[in-house]
1. Determine, yes or no, whether B:SER81 is at pLDDT below 95 and surrounded by 14 or more Cβ atoms within 10 Å (Cβ to Cβ).
2. Which of the residues spanning segment B:163-197 are of a type in the set (Gly, Ala, Ser), in contact with a strand residue (DSSP E or B) (Cβ under 7 Å, 6 or more places away or on another chain) and over 18 Å from B:GLY134 (Cβ atoms)?
3. Return the only residue of A:GLY20, A:GLY52, A:GLY117 being at pLDDT 95 or above and over 27 Å from B:PHE180 (Cβ atoms).
4. Against the definition (within 12 Å of another protein chain (Cβ to nearest Cβ) and closer than 29 Å to B:MET90 by Cβ), how does B:LEU157 come out, yes or no?
5. Just give me the residues in segment B:1-36 being touching a strand residue (DSSP E or B) at 6+ places or on another chain (Cβ under 8 Å) and over 27 Å from B:VAL195 (Cα atoms), in sequence order.
6. Anything in segment B:257-280 that is within 30 Å of the chain's Cα centre (by Cα) and either under 21 Å from A:THR98 (Cβ atoms) or within 14 Å of another protein chain (Cβ to nearest Cβ) (or both)? List them, or say none.
7. Could you please let me know if B:LEU240 is touching a His at 6+ places or on another chain (Cβ under 9 Å) and either among the aromatic types (Phe, Trp, Tyr) or outside any loop (DSSP other than H, G, I, E, B) (or both)?
8. Please work out if A:LEU110 is away from chain B (no Cβ under 14 Å), in a helix (DSSP H, G or I), surrounded by 15 or more Cβ atoms within 10 Å (Cβ to Cβ) and at negative phi.
Amino acid sequence: MNLQDERPIFVQIAEYIEDGILSGAFPEDTQIPSTTEISVWYKINPATALKGINLLVDENIVYKKRGLGMFVSTGAAESIRRKRKKDFFDNYIDKVVTEAKKLGLTQEELAAMIERGYDR
Amino acid sequence: MKGIEVRSLDKNYGDVRALRNVSLTFEENKIYGLLGRNGAGKTTLLNTITGRIFPDSGDVLVDGEAALENDKAQQKTFMMSEKNFYPEGMKVKDAIKWTREFYPGFDEEYCRNLAEKFGLNTKKKIKSLSTGYGSIFKLILTLSTNAPYLFFDEPVLGLDANHRDMFYRALLEKYSDKPFTAVISTHLIEEVAGVIEEVVIIKKGEIIRNQSAEELLATGCTVSGTAAAVDSAIQGKTVLGVDSLGGLKTAYLAGEIDSSTLPAGIEIGKMDLQKLFIHLTNE
């Protein structure tokens, strides 16, 4: 996490947990770190950590097991992937095209660069 | 009512008005940042709340009870001060013993563990501690009291980066385990920005901001781009300050700006706590 990031900290916390789910660090039906662990690790207020986790609860990505903690929902990785694909245009393509225009790159040149990215 | 209520405090030192009609509430179980420039009145405010000095006028209530000259109310607060009030020759372990006498909830085992973690030698005389270990000794004492209202005046003064890191983590661990109210007065704003939930900004003895960190940060933004474009974009807005570098300009605004009507090449950024503080408290 990077506090210089423009986005609110709780959004970054939610994303960090999502990244963990996507990478397999937090498999389905296993427990994610507690509010306290996240708060102490990132040196942030527990209320902020809780707010981040609650974002994921609202999207059914994690769920609460009473008295135990928060667990990764079944199908969570798939639903994160679906959501991020939907946001891919706004979060990435839009920025790439804006920057390309600023530099005077043509559409063809940009397309060629993307092709090149796949060859790596 | 639970919490600390400060009502219309005034304090003058000669013709210096250290506190001017200060009223605010520290709610139960929240972490506050008390921010102000040197000489703004932070320490005077904390000293008044914890009964070390008397105000010229005004009241302090702890859980609804008048705090001045009230031992029961004072036992609910503990202040870690920047200054050292311990007698000559007193050892760290003696200070621990005396604090335990006054604070029945004092956790000795926790105190010992934390001292070990920070490498604090409790057999040393307090006066012989370095600035850093002087701070460490006082912050360990403060965290160990288990008082419901803890005041930290410059808690990380002289601490190296590792020890500062340990302090923030110890504070949050303790807070998560059993919540309390913490008021942290510090100049290292970037470091506490994520830790604090509420922000109080004091300027020349007056409270100029008192709200949640999230709300406060939402009240400002930065606008950057070429000087001409920025100038036209910020017309009619409340500008807190401006930085220029050649033909480029960044303006710091109070309030938000509608990004959909901006000319190309203008970038809107988020205000961080330190930037906002600097522009709010500049002369």
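1. For B:SER81, the condition - at pLDDT below 95 and surrounded by 14 or more Cβ atoms within 10 Å (Cβ to Cβ) - is met.
2. Correct list: B:ALA182 only.
3. Selected residue: A:GLY20, the only one of A:GLY20, A:GLY52, A:GLY117 that is at pLDDT 95 or above and over 27 Å from B:PHE180 (Cβ atoms).
4. Taking the combined requirement at face value, the residue does not satisfy it.
5. Residues satisfying the conditions are B:SER8, B:LEU9, B:ASP10, B:LYS11, B:ASN12, B:ARG17, B:ALA18, B:ARG20, B:ASN21.
6. B:ILE257, B:ILE268, B:GLY269, B:LYS270, B:MET271, B:ASP272, B:LEU273, B:GLN274, B:LYS275
7. Criteria met by B:LEU240.
8. yes
The values are calculated or read from the model by the stated rules, or taken from the named source; none is laboratory data. All values derive from a computational prediction rather than experimental measurement. Neighbour counts are summed over all protein chains in view; Cβ atoms, including those assigned to glycine, are modelled from backbone coordinates with ideal geometry.
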